[in-house]
Amino acid sequence: MNSAEQEAGEVARGLRRRDPTLIDYLIEQYQYRLFRYLLMLTGNREEAEDLFQETWIRVLEKGHQYKRRWKFETWLFSIARHLAIDFRRRRQPQSLDAMLQPAGTNRPLELEDNASPSAFEQAFQGEEGASVSTALAHLPPSYREVLTLRFHEDMQLEEIAQVVDSPLSTVKSRLYRGLAMLREWLKDIYV
Amino acid sequence: MSEDMHERALRLIDKMQVEGLTAEERDELEAHLETCVHCQKRARETELALRTLRSALPRFDVRLVLKTQMRARLRAREIVENAGRMRALWVSCALSWVLGVVSAPLLWQGFEWIGHRWAVSRAVWVTGFALAWVAPAVVAAAVIAWQQASRAMTSDE
């Protein structure tokens, strides 16, 4: 058994026991990454903060379902994603069919975009932060999501597909389109 | 270089970032980039875009971590306490079932005696026996259902 598997095993055992020390450690360990993912997903700082807390409560409640063969961050981001979608569904009720298959496509469950440049400007710091805020605000959330999982989290494409619950081909096409859009926006900003 | 080669090089620039390249594809792209200014520019723009994305640091309030840790600790305690209560409930249900089974013949005889003594029809005293026998289970089920409903309400809030 390698060290990653051993660590996953310890996490699984700790989550089953609802070990508060382990939960504290996990929150500290993944604080920044989870918050960044939620921010990219929702485009809203307050919502990301609420979802951050709810995600850890859900991790605690569903901890007994975590299997050591899963990568913890993949499981964590999946939980966060489902919560974000539930949160939006409660706030903006619409038919489940419409959310599952918007406008005659076969796209899976997605978030609606309500991000604005100002939301990202509040969230990102520095000069580069301002540029990236403008670019990110113009990307659909499903593109922002895969870009952050690939280029911030360095996740494999298969892991991203697992988190976003979509086929690999969809993930790839979102990454290519997202990268092209990001490049276009940043190119204009730097020119 | 033909137009197709440029198109292919542009595709490979993106593929390098998204999926990664094979050794042959990497050699092919590098050879092309050595001579093509247009594709070099695209490669630089792509790297710049990703560097900017990676370097953008969201502001993070550490108080959020402390608040979350506090909430998680309280919830963990609540879950453990609830689990203890549920265990006690299941044990008492099991004991009550065993006692019910063991005492069923006595209870039957008791209802039969009352039926004869007060000249009540068999259907009435058998129904009385059945109700008395299932009453503890019905009460326990009602308590469990009530607990689950109140827990669901609390988590919704």
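General remarks:
- Any pair with Cβ under 9 angstrom, 6 or more apart, that starts in the range B:27-47 at a residue that is within 14 Å of chain A (Cβ to nearest Cβ) and ends at one that is part of a loop (DSSP other than H, G, I, E, B): B:CYS39/B:MET1
- If you go through the range A:148-164 and keep only what is part of a helix (DSSP H, G or I) and either buried (at least 22 other Cβ atoms within 10 Å of the Cβ) or not acidic (Asp, Glu) (or both), you end up with A:THR148, A:LEU149, A:ARG150, A:PHE151, A:LEU157, A:ILE160, A:ALA161, A:GLN162, A:VAL163, A:VAL164.
- Inter-residue pairs, beta-carbon under 9 Å, first at the interface with another protein chain (Cβ under 7 Å from one of its Cβ atoms) and in the range B:67-78, second exposed (fewer than 14 other Cβ atoms within 10 Å of the Cβ) and hydroxyl-bearing (Ser, Thr, Tyr), 6+ apart: none
- Cross-chain or 6+ apart pairs with Cβ under 8 Å, the range A:49-70 first and within 20 Å of A:PHE87 (Cα to Cα), then basic (Lys, Arg): A:GLN53/B:LYS67; A:GLN53/B:ARG71; A:TRP56/B:ARG71; A:ILE57/B:ARG71; A:ILE57/B:ARG75; A:LEU60/A:ARG18; A:LEU60/B:ARG75; A:GLU61/B:ARG75
- Of the helices (runs of 4 or more DSSP H) lying entirely inside the range A:1-71, those containing at least 2 residues that are under 20 Å from A:SER142 (Cβ atoms) are A:20-42, A:45-62.
- Taking the range B:52-66 as the range and being part of a loop (DSSP other than H, G, I, E, B) and more than 7 Å from chain A (Cβ to nearest Cβ) as the test, only B:ASP61 passes.
- Any hit, the range B:105-119, residues being touching a Phe, Trp or Tyr at 6+ places or on another chain (Cβ under 8 Å), modelled with pLDDT of 90 or more and among the charged types (D, E, K, R): yes
- Residue check for A:LEU186: under 19 Å from A:GLY43 (Cα atoms) and either at pLDDT 90 or above or in a loop (DSSP other than H, G, I, E, B) (or both): no
- Looking at A:TRP56, A:TRP75, just one residue is at the interface with chain B (Cβ under 10 Å from one of its Cβ atoms), crowded, with 18+ Cβ neighbours inside 10 Å, under 27 Å from A:SER166 (Cβ atoms) and not charged (D, E, K, R), and that residue is A:TRP56.
- Qualifying positions in the range A:156-175 - within 12 Å of chain B (Cβ to nearest Cβ) and within 18 Å of the chain's Cα centre (by Cα): A:GLN156, A:LEU157, A:GLU158, A:ILE160, A:LEU168, A:VAL171, A:LYS172, A:SER173, A:ARG174, A:LEU175
- Residues being within 31 Å of the chain's Cα centre (by Cα) and touching a residue at least 12 places away in the same chain (Cβ under 8 Å) are represented in the range B:126-138 by at least one member.
- Residues of the range A:3-25 that are within 21 Å of the chain's Cα centre (by Cα) and within 9 Å of chain B (Cβ to nearest Cβ): A:ILE23, A:ASP24.
The values are calculated or read from the model by the stated rules, or taken from the named source; none is laboratory data. Computed from a prediction, not measured in an experiment: that's the story for all the values here. So basically every Cβ, Gly included, is an ideal-geometry build from the backbone, and we count neighbours across all protein chains shown.
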